[in-house]
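**Q** One structure, pasted below without further comment.
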Amino acid sequence: MDRKHSKLLEMSEAIYAEPDMNKKVKFNRGEMEERIVDIYVSADTLRDGETSTKREETADTAPNNGPGDQHSVHVQWWERPSGVAAVCLGLLCVLLLAGIIGQSLQYSNVSKNSSAERDQLQTSNNNLTKERDQLQTSYNNMTKERDKLQTERDVLSGRLTNLKKTCPEGWQRFESSWYFLSTETKTWKESRQDCLERGADLVIINSREEQEFLFKLNKRVWIGLTDSDNEGTWKWVDGTPLTTWYWYYPQPDNGGAKPKNGEEDCVEIRTDQSDLSAWNDLSCAENLHWICEKVV
Ligand SMILES: [Ca+2]
Ligand SMILES: [Ca+2]
């Protein structure tokens, strides 16, 4: 740098020095232009030491190249290290920007894909939950059905066991029941008590066939039907209401206008009727045979 400065100083002194008019100075055109070039170079040197050095070298090595040399000295940007560095920096910036944009796009795509995948998984999860609930409901229904069938099976199994048993002495079987026809006569209430003690109850008639079976026994008997709780409302001994009946006309009459033994609240099957319609209401205090029924 000292060398450059001393050179500059020399040039500056040369420019501003008093012209020696006594000296016969003769500058040809080439020399004048060389001086101008030196000044330009000096200005560049102040801005860029490196370039200046280059200019000096150029000027020193080819001092008398004529007017065309100004172009070779005027350095283009690509020849300057700073220019090249700037271009490199610019390129680097462009590359970085491209990289950032690329990363952003990739991230955006990944984010979109993840979001879609998450939604898909959510939908799938919801469907599976619904399916699980349906299966659970189905399972619960099947469990209930199984329990119901098991209960039915147990009942049928018990009945089958009873059916295989032989009738106890004094009883007779009809369909799926055993019937006991008494040899004594008692009031309706006493008759029912006897049946209960035998593990049965007064007969409940559920079908025409059963009515026919009892009618053919050809015995006046109490059956398990009464309206003692509420006059005119007939109920079987198990509490079920009367739906099918076999009264003969004009029964039930509750004893008519002047009942002999008070109201008639219990029911008998008579033998003096020609068909199955053989029921009559009678005073519960009367003594009759009775029929017990045990469902097996
Ligand atoms: Ca009555
Ligand atoms: Ca009557």
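The values are calculated or read from the model by the stated rules, or taken from the named source; none is laboratory data. Quick caveat, the model's predicted, so the values are computed rather than measured. Don't worry about glycine lacking a Cβ; one is built from the backbone with ideal geometry, like all the others, and counts go over all protein chains shown. Calculation scope for accessible area: heavy atoms of the full protein, side chains included, ligands and nucleic acids excluded. Shrake-Rupley method; radii C 1.70, N 1.55, O 1.52, S 1.80 Å.
**Q** Taking region 239-253 only, how many residues are in contact with a Leu (Cβ under 6 Å, 6 or more places away or on another chain) and either open to solvent by 30 Å² or more (accessible area, probe 1.4 Å) or within 13 Å of ligand 2 (Cβ to nearest atom) (or both)? Working first, answer last.
**A** Filtering region 239-253 down to residues in contact with a Leu (Cβ under 6 Å, 6 or more places away or on another chain) leaves 246.
Adding the requirement that they be either open to solvent by 30 Å² or more (accessible area, probe 1.4 Å) or within 13 Å of ligand 2 (Cβ to nearest atom) (or both) leaves none.
Total satisfying the criteria: 0.
**Q** All but one of (1) more than 18 Å from Thr187 (Cβ to Cβ); (2) within 16 Å of ligand 1 (Cβ to nearest atom) hold for Asn218, so report the exception by its number.
**A** Asn218 satisfies all of (1) more than 18 Å from Thr187 (Cβ to Cβ); (2) within 16 Å of ligand 1 (Cβ to nearest atom) except (2).
**Q** When only residues in region 201-232 that are assigned to a loop (DSSP other than H, G, I, E, B), more than 16 Å from ligand 2 (Cβ to nearest atom) and among the polar types (S, T, N, Q) count, which is surrounded by the most Cβ atoms within 10 Å (Cβ to Cβ)?
**A** Restricting to residues being assigned to a loop (DSSP other than H, G, I, E, B), more than 16 Å from ligand 2 (Cβ to nearest atom) and among the polar types (S, T, N, Q), the top hit is Asn206.
**Q** Right, here's the next one. More than 16 Å from Ser283 (Cβ to Cβ), more than 16 Å from ligand 2 (Cβ to nearest atom) and open to solvent by 30 Å² or more (accessible area, probe 1.4 Å): does that describe Ser182? I'd like the intermediate steps shown before the answer.
**A** Working: more than 16 Å from Ser283 (Cβ to Cβ): yes; more than 16 Å from ligand 2 (Cβ to nearest atom): yes; open to solvent by 30 Å² or more (accessible area, probe 1.4 Å): no.
Judged against the criteria, Ser182 is not a match.
**Q** Which residue is farthest from the chain's Cα centre (by Cα), if the candidates are limited to region 254-277 and must be closer than 19 Å to Glu212 by Cα and within 12 Å of ligand 2 (Cβ to nearest atom)?
**A** Arg270
**Q** If you don't mind, there's one more thing I want to ask. Grab the helices (runs of 4 or more DSSP H) fully contained in region 24-133, keeping just those with 2 or more residues being modelled with pLDDT under 90 and exposed (fewer than 12 other Cβ atoms within 10 Å of the Cβ). Explain how you work it out, then say what you get.
**A** On the way: elements: 29-47, 49-61, 69-73.
The helices (runs of 4 or more DSSP H) meeting that bar are 29-47, 49-61.
**Q** Can you pull out every residue in region 254-293 that is open to solvent by less than 40 Å² (accessible area, probe 1.4 Å), more than 13 Å from ligand 1 (Cβ to nearest atom) and either closer than 17 Å to Ser228 by Cβ or hydrophobic (A, V, I, L, M, F, W, C) (or both)?
**A** Passing the criteria: Ile269, Leu276, Ala278, Leu288, Trp290, Ile291, Cys292.
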